[in-house]
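First up is the structure itself, then whatever we jot down about it.
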Amino acid sequence: MTQTILVTGGCGYIGSHTVVELLQADHKVVILDNLCNSSAKVIERIKAIVQIKDQTHAEGNTLANDDSLTFIEGDIRDEALLKQIFITHPITSVIHFAGLKAVGESVSKPLEYYNNNVYGTLCLCQAMNKANVKTIVFSSSATVYGEDAPVPYNEAMPMGNTSNPYGTSKAMVEKMLADQCTADPQWRVAQLRYFNPIGAHKSGLIGEDPKGIPNNLLPYISQVAIGKRKELSVFGGDYPTPDGTGIRDYIHVVDLAKGHLKALNHIQQPSEKKKGEKGQGEHIWNLGTGQGYSVLEVIRAFEQASGKNIPYQIKPRRNGDLAAFWADANKAKAELNWVAAYTLNNMVSDSWRWQSNNPNGYS
Ligand code: NAD
Ligand code: UFG
């Protein structure tokens, strides 16, 4: 059934890939994004992928866009704007990506992170409540398992001690949404705990476009490959892992995007009185592959896919990094019938296609 879905942060890396999947599944999408970490150019790219045509006057002026994709530049903390959006569009559910995500920056600017990620989500939920829209998919993170959880992480584990304000903001929002589900059984919430999203859409038209010096591994490697940066610093060569470098569960961003559609479908299922709740209430799912790779393995895979040499140096460990973690991905498989389909080779090949076609990202 076609629905209209509000996607906050839909111009960003994961949001843009999810919008493509939603449109290809015949949903209508309203994007709300303040462009603090993205470009409006992504809208044209999304339209090119899903082949939305702008209708034009005979004189050649743009008359109207196909109404399946609406972009609103604005902030999730703007209550009047949110109210207007829910009045104007027949929104049935929200996929909430908007937020700040740089771990290191969150340590130096905690108030900004709590304001945007926690207060922003509170504003969004209050507006949803008033509009009687009570279905939300939330971008959480594996970081909520904390520093001491045994691997692989599974959803039955309690949230742990987060080591930075970014992680704490995710844990706080999860708790807030869980409390709201307890208070009002009409709420339907998917807390999706992402592992390490990398890769890009196979068209090479959309991908990750970090501002400034990349914090994350794949964007950094890609920028070394195109000659923007001299060499990669590998943070730590003395971890208790087979090659001494950190291990993560890298997941293709398109697999991740598809996981959002499955999660949304699941929480929208009608409740069955006798068999208990189906879609209602709070649901937590890991979105990972269940397989970890080391930094050196990722470098080698990237070199193979791109034919480029990636010079690197082993440096001291980065503050706050864990040695190794990956997902127990069984719950999403059992309940959502979702498994990650793409291999590490697919992920790095697609990252490289995006980076080499767009050496300066969207600019
Ligand atoms: P991103 O920065 O590319 O996308 C976030 C988008 O939200 C951007 O387009 C930004 O302009 C927008 N935004 C930020 N604050 C806003 C506000 N107040 N109002 C409106 N728009 C706002 O990040 P991403 O990698 O696509 O991540 C999406 C979500 O997933 C984030 O919540 C992030 O914390 C979470 N997450 C990401 C990762 C990752 O490794 N990329 C891992 C775990 C969780
Ligand atoms: N790494 C390097 N050099 C770099 C960048 C990263 O060696 O220049 C290493 C890191 O030490 C780590 C691995 O590459 O071992 C992955 O690092 P990322 O920065 O790409 O990802 P993280 O696992 O540190 O963090 C990601 C998200 C966070 C989220 C966390 C847990 O960026 O938002 O996963 O889900 F909180």
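Overview of values
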read-out: Any hit, segment 327-345, residues being touching a Gly at 6+ places or on another chain (Cβ under 8 Å), more than 30 Å from GLN269 (Cα to Cα), within 16 Å of ligand 2 (Cβ to nearest atom) and not hydroxyl-bearing (Ser, Thr, Tyr); value: no
read-out: Enumeration of residues in segment 142-158 that are under 17 Å from HIS283 (Cα atoms) and surrounded by fewer than 21 Cβ atoms within 10 Å (Cβ to Cβ); value: ASN154, GLU155, ALA156, MET157, PRO158
read-out: Hits in segment 189-214 (condition: open to solvent by less than 40 Å² (accessible area, probe 1.4 Å) and either more than 21 Å from the chain's Cα centre (by Cα) or of a type in the set (D, E, K, R) (or both)); value: ARG193, GLU208
read-out: Segment 178-201: number of residues that are over 24 Å from LYS101 (Cβ atoms) and either in a loop (DSSP other than H, G, I, E, B) or aromatic (Phe, Trp, Tyr) (or both); value: 4
read-out: Which numbered condition ARG248 misses (of (1) open to solvent by 50 Å² or more (accessible area, probe 1.4 Å); (2) among the charged types (D, E, K, R); (3) out of contact with any Ser or Thr (no Cβ under 6 Å at 6 or more places or on another chain)); value: (1)
read-out: Residue check, LYS53 modelled with pLDDT of 95 or more and not β-branched (Val, Ile, Thr); value: no
read-out: Answer residue from segment 322-343, given it is within 20 Å of the chain's Cα centre (by Cα) and under 20 Å from ASN215 (Cα atoms) and is most open to solvent (accessible area, probe 1.4 Å) among those; value: TRP326
read-out: Leading residue by the ranking (farthest from the chain's Cα centre (by Cα)) among those in segment 1-35 that are surrounded by fewer than 24 Cβ atoms within 10 Å (Cβ to Cβ) and polar (S, T, N, Q); value: THR2
read-out: Identity of the residue in segment 215-238, in a loop (DSSP other than H, G, I, E, B) and within 8 Å of ligand 2 (Cβ to nearest atom), that ends up least open to solvent (accessible area, probe 1.4 Å); value: GLY236
read-out: Residue within segment 164-174 that is over 29 Å from PHE86 (Cβ atoms), of a type in the set (Gly, Ala, Ser) and part of a helix (DSSP H, G or I) present; value: yes
read-out: Hey, ILE299 more than 24 Å from VAL7 (Cβ to Cβ), outside any loop (DSSP other than H, G, I, E, B) and either away from ligand 1 (no atom under 16 Å from the Cβ) or among the aromatic types (Phe, Trp, Tyr) (or both) or not; value: yes
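Rundown of residues vs (1) modelled with pLDDT of 95 or more; (2) of a type in the set (D, E, K, R); (3) in contact with a Ser or Thr (Cβ under 9 Å, 6 or more places away or on another chain), yes/no style:
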position	(1), (2), (3)
ILE198	yes, no, yes
ASP209	yes, yes, yes
PRO219	yes, no, yes
VAL224	yes, no, no
LYS228	yes, yes, yes
PHE235	yes, no, yes
THR241	yes, no, yes
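Each row is one residue, and each column tells you yes or no for (1) part of a strand (DSSP E or B); (2) open to solvent by less than 70 Å² (accessible area, probe 1.4 Å); (3) away from ligand 2 (no atom under 14 Å from the Cβ).
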| site | (1), (2), (3) |
| --- | --- |
| PHE71 | yes, yes, yes |
| LYS83 | no, no, yes |
| ILE87 | no, no, yes |
| VAL94 | yes, yes, yes |
| GLY99 | no, yes, no |
| SER106 | no, yes, no |
| TYR113 | no, yes, no |
| ASN117 | no, yes, no |
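The values are calculated or read from the model by the stated rules, or taken from the named source; none is laboratory data. All figures in this text were calculated on a predicted structure; none of them were measured in a lab. Cβ atoms come from the backbone with ideal geometry, glycine included; neighbour counts cover every protein chain shown. What goes into the accessible areas is simple: the full protein's heavy atoms, side chains included, and nothing from ligands, DNA or RNA. Shrake-Rupley method; radii C 1.70, N 1.55, O 1.52, S 1.80 Å.
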